[in-house]
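One structure is given here, and the rest of the page talks about it.
The values are calculated or read from the model by the stated rules, or taken from the named source; none is laboratory data. Nothing here was measured: the structure is a model prediction, and the numbers come from that model. Glycine also receives a Cβ, built like all others from the backbone with ideal geometry; neighbour counts cover every protein chain displayed.
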């Protein structure tokens, strides 16, 4: 589990108007259903250096994620310890679901 904090929030409201998209799922991986894919993608790409933004067809193969028809057109992936929110509220103090190559996401054996 990665620790989250109020100081490490990626606030989508600071980058784009909510009327431009629907947030389907959130943090650390957020699914975006945009009104205009190109417009929303370009705004999200410049939103935070602590978040990767992928078009569905650009999602890395190692995520085993982009072949499903239910995957939204834009996927946001927060860096470890960062949380994607719409406004300034932190929903929880820790989170799972970050990139599985990160040490804190790996299973510890006894």
Those residues of the stretch 25-51 which are under 11 Å from the mean Cα position of the chain (by Cα) and either surrounded by fewer than 17 Cβ atoms within 10 Å (Cβ to Cβ) or part of a helix (DSSP H, G or I) (or both), in sequence order:
25, 44, 50
Do you know which of the residues in the stretch 1-22 that are at pLDDT 90 or above, touching a strand residue (DSSP E or B) at 6+ places or on another chain (Cβ under 7 Å) and surrounded by fewer than 17 Cβ atoms within 10 Å (Cβ to Cβ) is farthest from residue 66 (Cα to Cα)?
11
Can you run down the residue pairs with Cβ atoms below 6 Å, 6 or more apart or on separate chains, where the first is in the stretch 4-20 and without any contact (Cβ under 8 Å) to a residue 24 or more places away in the chain and the partner is in a loop (DSSP other than H, G, I, E, B)?
20/35
Subset of the stretch 50-85, residues in contact (Cβ under 8 Å) with a residue 40 or more places away in the chain and within 21 Å of residue 8 (Cβ to Cβ), comes to 50, 51, 75, 76, 77, 78, 80, 81, 82, 83, 84, 85
